[in-house]
Amino acid sequence: MKIILNDGTVRECESKAEELHVIRHTAAHIMAQAIRRLFPHAIFAYGPANEKGFYYDVDLGETKLTDADLVNIEKEMKKITKENLPIKPFTLPRDEAIALMESRGEKYKVEHIGDLDDDAVISFYQQGDYIDMCVGPHLCYTKALKAFKILKLSGAYWKNDKNNKMLTRINGVAFANQEELDAHLKILAEAEMRDHNKLGRDLEYFTTVDVIGQGLPVLLPKGSRVIQLLQRWVEDTEQKRGYLLTKTPLMAKRELYKISGHWDHYLDGMFIMGDPNDETKECFALRPMTCPFQYQVFLNKKRSYRDLPMRLGETSTLFRNEDSGEMHGLIRVRQFTISEGHLILRPDQLAEEFKGCLELAKYCLETVGLWEDCTFRFSQWDPNRTDKYEGTPEQWNEAQEIMGKLLDDIGLDYEIGIDEAAFYGPKLDIQCKNVFGKEDTIVTIQIDMLLAKKFGMEYVDSNNQMVTPYIIHRTSLGCYERTLALILEKYAGALPLWLSPTQAVIIPINSDCEEYCNGVMEKMDALGMRVEVDTRNETMGKKIREAQLQKIPYVIVVGNNEIESGTVSLRARGGVDCGSMTVEEMTNKLLLEIATKKR
């Protein structure tokens, strides 16, 4: 495929990746031209290609686009490709470039030119009457764009700054041919079916309410049950590994956060009660993390080296003032619950305890089925942004060197993320993608050599000297709401038996069988299983279909024959007939599956 560079040179694409990028980059320009034809008042900001496709951020004034508008934009794009317009590059000096963009009303482009280096080459690409500032390269003619699809609308702040105007983001995707596009759209359709934001609402795991607020989901009984199951299991697991359970306040005075550094480094992300600038009155903040609270457990009395490691764990409700544009279902919210813990330890215990934290995270994530989908990031500080981080370069180098050696000794395959560290130390971020490919952190393990000293935390060592401990901040399963979202997507709503809100539904063939069914339910309930009897005046076929739609793992059918033989007929999710068996055989089968947490 031939492409044209900003100096007018034409050459063949050097790789499939470059070809895909050029196709999508060109598609963004053709989409912009279509938008300009349909909405002449449109002002364009950024329109890049990316690994998911392409988009353009557009200022449409008071105009609100609809799905019908997207269809029309796509139709106009097809007209432009049929016109087979040549795509021509040219460059201009800075003054002329600004004048050109000003003459076309492109105020965002003018501002962008102002952000460029003085010696930057300012290049443009033109197709028909549409001109866009761009570094290229592009396809040589609009007809070379063969397969594309406009997907959705979203919002984005200019320059990703919430203080700037919210623009309309129009998202699309493009490929070299229709076959590749169709295959991709099929994958997207599967992702839509697995999207927890739809699936979780359809299956009644959670809902959102405008008058409660964005990023504040209401967990319905099903979602609440799953999170309760996860919390109890994690707390029991941590207890077996020597963790001490704590329960600390949801808020504190600003003075606590000033000691920890959150007031200086995290204030914008906190919910404040009171005037943060009025030192004459008390000011409180909801906690964005638990560490400064849990440190008070250690500080409650004098500690010896024999008390260490002290492993503190808590099911913590946290509050973070996320940007409205970042909210997404249960994955990114403003109030969430997390399996948070802090290990206070001697330097000689650091390696073993760090490995223990990673082993615990692996066990938890493997059990729920997410470990195989995880990647790892060694998040480090940016030495050029000293205002963002506590500590000295020497302290950071020491902490990062220790963590790097630990990760290498473990043999973990990780990427390095510069400027991704916590303000007090480096961390291992365990990352997981949702069905649309958006990556979020699900578990973190952090090494902290700074905060203990800020809080005056010390212990008496074997030489009777006062020593400052090291601290590991960690989660074992991470945010429960995010975990619920990811496992709903992982299993397309068909959760493993041990996590299913309703594990089985018992269906009597007729009303004469109801008493027997209730007896079976009582036996199963006594064994700790979550079972319902469906006595509605509906056909058995409809009851079975609805149980399948609700993703209930097992259907137990009881008729006269089962009553006479003291058995039940068991059907697994997906219509698998497990056959007839005694109630004891059936309960033993299900209890074994629950106990082993089979996936």
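The values are calculated or read from the model by the stated rules, or taken from the named source; none is laboratory data. All figures in this text were calculated on a predicted structure; none of them were measured in a lab. Heads up, the Cβs are rebuilt from the backbone with ideal geometry, glycines too, and the neighbour counts pull from every protein chain shown.
Any residue that is surrounded by 15 or more Cβ atoms within 10 Å (Cβ to Cβ) and part of a helix (DSSP H, G or I) - is there at least one of those in the stretch 565-580? For the stretch 565-580, residues surrounded by 15 or more Cβ atoms within 10 Å (Cβ to Cβ) and part of a helix (DSSP H, G or I): absent. Of the strands (runs of 3 or more DSSP E) lying entirely inside the stretch 283-392, those carrying at least 3 residues that are touching a Phe, Trp or Tyr at 6+ places or on another chain (Cβ under 7 Å) are 310-319, 335-345, 374-380. Restricted to the stretch 134-163, and to residues there that are touching a Ser or Thr at 6+ places or on another chain (Cβ under 9 Å), surrounded by 17 or more Cβ atoms within 10 Å (Cβ to Cβ) and over 15 Å from residue 4 (Cα atoms), the residue that is modelled with the lowest pLDDT is 156. The residues in the stretch 494-506 that are buried (at least 20 other Cβ atoms within 10 Å of the Cβ) and either polar (S, T, N, Q) or over 13 Å from residue 597 (Cα atoms) (or both) can be counted, and the count is 6. Within the option set 76, 106, being in contact (Cβ under 8 Å) with a residue 60 or more places away in the chain and surrounded by 14 or more Cβ atoms within 10 Å (Cβ to Cβ) holds for one residue only, 106. Count of the stretch 385-409 residues, restricted to those that are among the β-branched types (Val, Ile, Thr) and either under 26 Å from the mean Cα position of the chain (by Cα) or closer than 21 Å to residue 260 by Cβ (or both), is 2.
Only a single criterion out of (1) among the hydrophobic types (A, V, I, L, M, F, W, C); (2) over 34 Å from the mean Cα position of the chain (by Cα); (3) part of a strand (DSSP E or B) is not satisfied by residue 148, namely (2). For the stretch 393-429, the candidate set comprises residues that are in contact with a helix residue (DSSP H, G or I) (Cβ under 6 Å, 6 or more places away or on another chain) and crowded, with 23+ Cβ neighbours inside 10 Å; within that set, the residue that is modelled with the highest pLDDT is 426. Checking the conditions here, which among 335, 294 is crowded, with 20+ Cβ neighbours inside 10 Å, in contact with a Ser or Thr (Cβ under 7 Å, 6 or more places away or on another chain) and in contact (Cβ under 8 Å) with a residue 12 or more places away in the chain? Unique residue meeting the criteria: 294. Selection within the stretch 211-260: residues that are hydrophobic (A, V, I, L, M, F, W, C), surrounded by fewer than 16 Cβ atoms within 10 Å (Cβ to Cβ) and within 23 Å of residue 353 (Cβ to Cβ). The member of this set that is nearest to the chain's Cα centre (by Cα) is 245.
Taking the stretch 520-530 as the region of interest, how many residues are in a helix (DSSP H, G or I) and either surrounded by 15 or more Cβ atoms within 10 Å (Cβ to Cβ) or touching a residue at least 24 places away in the same chain (Cβ under 8 Å) (or both)?
At the first step, the residues of the stretch 520-530 found to be in a helix (DSSP H, G or I) are 520-526.
Retained after the next criterion (residues that are either surrounded by 15 or more Cβ atoms within 10 Å (Cβ to Cβ) or touching a residue at least 24 places away in the same chain (Cβ under 8 Å) (or both)): 520-521, 523-524.
Final tally of qualifying residues: 4.
Pairing each residue of the stretch 1-19 that is more than 9 Å from residue 137 (Cα to Cα) with any residue that is of a type in the set (S, T, N, Q), provided the two are 6+ apart or on different chains, yields C-beta distances under 9 Å for 7/91; 7/123. Among the residues of the stretch 455-480, the ones that are outside any loop (DSSP other than H, G, I, E, B), of a type outside the set (A, V, I, L, M, F, W, C) and under 29 Å from residue 430 (Cα atoms) come to 7 in all.
Yes/no matrix, rows are residues, columns are (1) assigned to a helix (DSSP H, G or I); (2) more than 29 Å from residue 81 (Cα to Cα); (3) under 21 Å from the mean Cα position of the chain (by Cα):
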position	(1), (2), (3)
173	no, no, no
180	yes, no, no
186	yes, no, no
198	yes, yes, yes
201	yes, yes, yes
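Could you check how many residues of the stretch 531-542 are in a loop (DSSP other than H, G, I, E, B) and loosely packed, with under 15 Cβ neighbours inside 10 Å? Residues that pass the stated criteria total 4.
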